[in-house]
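Okay, here's the structure, questions in a sec.
Throughout, read-outs are computed from the coordinates displayed, never taken from laboratory work. Model, not experiment: these values are computed from the prediction. Positions of Cβ are generated from backbone atoms using ideal geometry, with glycine treated the same way; all protein chains shown enter the neighbour counts.
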Amino acid sequence: MSRAEAQFDEWVKRLELGSGIELIPPKYFEGKTYTFSMQFNTPDELYQRKARLNKIIESPLLKHYIKSE
């Protein structure tokens, strides 16, 4: 595992994404475009994932990591 992968994995753990939400790094860790992926089975699950994603977006941890890249 590369240093970039290890740092990314540690950062994602600290974000506590929860089930059904995945954060995908830029391909080969080159570039600055990240992707969020959400899985859900019901409208209620979608609403719960959306609420969690909103908290993640407001997280100082997310803003710090993306800014420091």
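Using alpha carbons only, how many degrees (0 to 90, rounded to 10) separate the axis of helix 43-58 from the longest principal axis of the chain?
With rounding to tens, the tilt is 40 degrees.
Still on this structure, please answer the following. Looking at the chain, which trypsin sites (Lys or Arg not before Pro) are DSSP coil and have at most 13 other C-beta atoms within 10 Å of their C-beta? Can you show the working numbers first?
Numbers: sites: 3, 13, 14, 27, 32, 49, 50, 52, 55, 63, 67; in loops: 32.
Answer by residue number: 32.
Something else now. To one decimal place, what orientation-averaged projected area in nm² is obtained for the convex hull of the Cα set of region 3-68?
Details: hull surface 18.2 nm².
Value for region 3-68: 4.6 nm².
Among 56, 24, what is the fewest-to-most ranking by other Cβ atoms within 10 Å? It would help to have the intermediate numbers written out before the result.
Details: 56 16, 24 12.
Going from sparsest to densest Cβ surroundings: 24, 56.
What angle, in degrees between 0 and 90 and rounded to the nearest 10, separates the Cα long axis of helix 3-15 from the longest principal axis of the Cα atoms of the chain?
Orientation of helix 3-15: about 30 degrees from the principal axis.
Which entries of 27/63; 32/67; 32/55 show an alpha-carbon separation above 18 angstrom in the structure shown? Walk me through the numbers on the way to the answer.
Numbers: 27/63 20 Å; 32/67 10 Å; 32/55 21 Å.
With Cα atoms farther than 18 Å apart: 27/63; 32/55.
Right, next: Only helical DSSP H runs with n ≥ 4 go in: add -39500 (n - 2.57) per run for the chain, normalise by residue count and round the 222 nm mean residue ellipticity to 500 deg cm²/dmol. It would help to have the intermediate numbers written out before the result.
Working: 3 runs with 38 residues, N = 69.
Roughly -17500 deg cm²/dmol at 222 nm, from the helical runs in the chain.
What is the extension gain from residue 41 to residue 29, computed as 0.36 nm multiplied by their sequence separation minus the C-alpha to C-alpha distance, in nm to one decimal?
Numbers: separation 12, 0.36 × 12 = 4.32 nm, distance 3.05 nm.
Extra length available between residue 41 and residue 29 comes to 1.3 nm.
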